[in-house]
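The values are calculated or read from the model by the stated rules, or taken from the named source; none is laboratory data. Being a predicted model, the structure only gives us computed values, none of them experimental. Using ideal geometry, Cβ is built from the backbone for each residue, glycine included, and neighbour counts are taken over all protein chains shown. Just the protein is used for accessible areas: all its heavy atoms, side chains included, with ligands, DNA and RNA removed. Shrake-Rupley method; radii C 1.70, N 1.55, O 1.52, S 1.80 Å.
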Amino acid sequence: MSATLQTIRMLWWRELIKFVRDRARLSGALAQPLVFWLLLGLGFHGSIRLAGPATPGSYLAYLLPGIVVLTILFTAIFSTMAIVEERKSGLLQAALVAPVPRMALVLGYGLGGTTLALLEAVLLLGLLPFVNGVHLTPSGLALTLGVSVLTGLAFAVLGFVVAWHATSTRGYHAVMNVALLPLWALSGAIFPIEGAAPVLQAIMRLNPVTYMVSALRQGLFGPNAAGSVSTPEACLFITVLFTVALLLLAVRTVRRPLRL
Amino acid sequence: MKTSEAAIEVEALTFRYGPRIALRSLSLRVPSGCCFGLLGPNGSGKTTLMRLLATLLRPTEGCLRVCGHDTTEAPSTVRRCLGVVFQQPALDGDLTVEENLRLHGAFYGLWGTALTRRIDELLTRFDLQERRHELVRRLSGGQQRRVDLMRGLLHAPRILLLDEPTTGLDPLARHAFWQTLRQLRQTDQLTLIVATHLLEEAEQCDEVALLDEGRLVASGAPEALARALGDEVLWLETPEPEAVAAAVQTHFDVEARVIGTSVRVAASDAHALLPHLYEVLGARLRSATIRRPTLEDVFLVHTGHHLHATPETALTS
């Protein structure tokens, strides 16, 4: 048991200390979503008409929860990328020949990535004073942070699973970008579900990321925020379900002998 | 009990990567406290055997016992008594020496003051005290290897597996690394299993197993294996090995075998034979060499080809 806890703690701590030592990573991970937010938000400023009363900068506000999710996604991709290399030649392989349960590795790597994702999400929320319509209550804040943590964990664990199978960092990137960016784009992050074509609407309703974005929306702008797809409780429930499903997938993945 | 004396027992071990057979019905026994070398060219199955011993892979057929425990049935027990050093240091270059050791200690459930004491002890022994807070990527290749060795020894294993541990080191650093290994054996009563494709490393082991294409071709003490070929061996290099071997046999009534592209002549007195040989066959010979047999010769005699493959084939493994 102590090997499990110590391993989770040390892997988590390693992710943080490396992040602190690598300033370029911090700014890079923040700058990209920020640029996205400003480009899309100001670019579509006049083109997108959202339902409800038109307020200045309403599209920038609409976009913000999706950008937070994108940041979490990028952070998780980045923090689990090293696993591809470490599994084949380095640190992870040394951990695999040690008696520590492999689940501790999933959680250690996963929680490290989660913490970084949460950190960046919180930094992005510093933009809240600059957008209109924010309606932040204690329970809303709790929902926002809770969903950020779950989303970070889900994507970090997904990254772990993909990295476990990937034969190269390039392959890992290809899979993650091809799978995750469309998932994000179809989550209601950039356009509301009601305005989409019926086919897309169906896909969006099946996409778990839709509920993560919606939950963040409701946490920041209130339960009836524009673009919400269900009640906050339902969105939170689906997010929890998705995260647990990925954790179970990871448990199954690491149980099998390593393909080298 | 006989089994308790064996650090490692391998019985009729076969391993397949899909359709490719990496190890074929391999059996060997490593006595406790031995420095055991696995010698073979790239692709001979050394690394596969190491991964099987380290419980990273499961045997297709046969079984492996480490410290008396089956690697498939009791992997956790096996992992506890094994230390593993890989071809590349399993260190995080962005962490300091001590941070790396703390992280790896956690994998074995080590932490707090007990771990600190162990790290202190190892740092002193490996003469790396003043590097303690240095980032690993700032260390030299030889120093990184030493830190990696410390990593493998943190939990005081009884057996240390080393898979080509001197890859990428210059001869001087390689020599120093082996000196450290020898000291370790004296102080810790460790069993060392070293996979290598370097003759000079294999010759420093108490026992070696020669692997080729997944088969065990010979095993025993290096000197004994070499001596079995005779005190001195005469090697002939010629463009037409078959014809020369036949000629040597008819003219001098000694055994001559074609091995690879050379001819090995098993003469009891090679020195006396050599002048006569040149009289008869001189025009057809490129060179003749008399030397004490080495492990390279042992490998050549058992497999019919050289230990060191041509660069092209070496790269594909």
Notebook entry, point to check: What list of ³J(HN,Hα) couplings, whole Hz, do you get for the stretch B:210-217 from phi and the Karplus terms 6.51, -1.76, 1.60, once you set θ to phi - 60° and write x for glycine and proline?
Noted result: 9, 10, 8, 6, x, 10, 7, 9
Notebook entry, point to check: Kirkwood Rh over Cα pairs of the stretch A:117-260 into Stokes-Einstein at 25 °C, 0.890 mPa s: D in µm²/s?
Noted result: 150 µm²/s
Check: Roughly how big is the stretch A:24-166's charge dipole about its Cα centre, with Cβ charges of +1 (Lys, Arg) and -1 (Asp, Glu), in debye to the nearest 20?
Finding: 120 debye
Item checked: Stokes-Einstein D (µm²/s) once Rh is taken as the Kirkwood radius of the protein assembly as shown over alpha-carbon pairs, at 4 °C in 1.567 mPa s -> 47 µm²/s
Note to self: Please compute the contact order of chain A in relative form: average sequence separation of alpha-carbon pairs under 8 Å and at least six residues apart, divided by the residue count, as a percent.
What the structure shows: 25 percent
Next item on the list: Would you please state which residues of the stretch B:118-137 a label at residue B:175 would reach in this model, taking the label point 7 Å out along Cα→Cβ and a backbone N cut-off of under 11 Å?
Entry: none
Item checked: Normalised contact order of chain B, rounded percent, pairs of Cα under 8 Å and 6 or more residues apart -> 20 percent
Next item on the list: Can you tell me how much longer the chain between residue B:250 and residue B:130 gets when fully stretched, taken as 0.36 nm per residue apart minus their C-alpha distance, in nm with one decimal?
Entry: 36.3 nm
Check: Name the residues of the stretch B:179-199 whose amide N is less than 14 Å from a point 7 angstrom out from the Cα of residue B:121 along the C-beta direction?
Finding: B:187-190
Checklist line | Other protein chain Cβ atoms within 10 Å, averaged over every residue that makes up A:95-108 | finding: 5
Check: Once every DSSP H run of n ≥ 4 in chain B is given -39500 (n - 2.57) and the sum is divided by its residues, what mean residue ellipticity at 222 nm do you get, rounded to the nearest 500 deg cm²/dmol?
Finding: -11000 deg cm²/dmol
Next item on the list: Determine Rg/Rh for the stretch A:1-87; Rg is computed over alpha-carbon atoms and Rh is the Kirkwood hydrodynamic estimate from the same atoms.
Entry: 1.18
Note to self: Suppose we compare each residue of the stretch B:95-113 in its chain alone and in the full protein complex with a 1.4 Å probe; which ones drop by at least 30 Å² of accessible area?
What the structure shows: B:95, B:99, B:103, B:106, B:107, B:108, B:109, B:111
Notebook entry, point to check: Once phi is turned into θ = phi - 60°, what whole-Hz ³J(HN,Hα) does the Karplus curve with 6.51, -1.76 and 1.60 give for every residue of the stretch A:72-88, x standing for Gly and Pro?
Noted result: 4, 4, 4, 4, 5, 4, 5, 6, 9, 4, 4, 4, 4, 6, 5, 6, 7
Margin query: Please list A:144, B:250 from largest to smallest accessible area, probe radius 1.4 Å, with all protein chains kept in place.
Written below: B:250, A:144
Check: With every protein chain kept in the model, how would you rank A:78, A:237 by accessible area, 1.4 Å probe, largest at the top?
Finding: A:237, A:78
Next item on the list: Could you run the numbers on buried accessible area between B and A, total for both chains, 1.4 angstrom probe, in Å² to the nearest 100?
Entry: 2500 Å²
Next item on the list: Just round it to a whole percent: the fraction of Cα-Cα distances in the stretch B:85-239 exceeding 29 Å.
Entry: 28 percent
Note to self: For the stretch B:1-43, what does the accessible surface come to per residue with a 1.4 Å probe? Please give it in Å².
What the structure shows: 46 Å²
Notebook entry, point to check: Per the 1.4 Å probe, what fraction of the accessible area of chain B, in percent, lies on carbon and sulfur atoms?
Noted result: 50 percent
Margin query: Under a Cβ-only charge scheme (Lys and Arg +1, Asp and Glu -1), can you give me the dipole magnitude of chain B about the Cα centre, in debye to the nearest 20?
Written below: 1060 debye
Next item on the list: Find how many whole Å separate the alpha carbon centroid of the stretch B:50-102 from the alpha carbon centroid of the stretch B:218-258.
Entry: 41 Å
Next item on the list: Please give the per residue volume of the convex hull enclosing the alpha carbon atoms of the stretch B:62-145, rounded to a whole number of Å³.
Entry: 119 Å³
Check: Using modelled amide H (1.01 Å from N, peptide plane; none on Pro or chain starts), what sits under 5 Å from the amide H of residue B:6, excluding residues fewer than 5 places away?
Finding: B:32
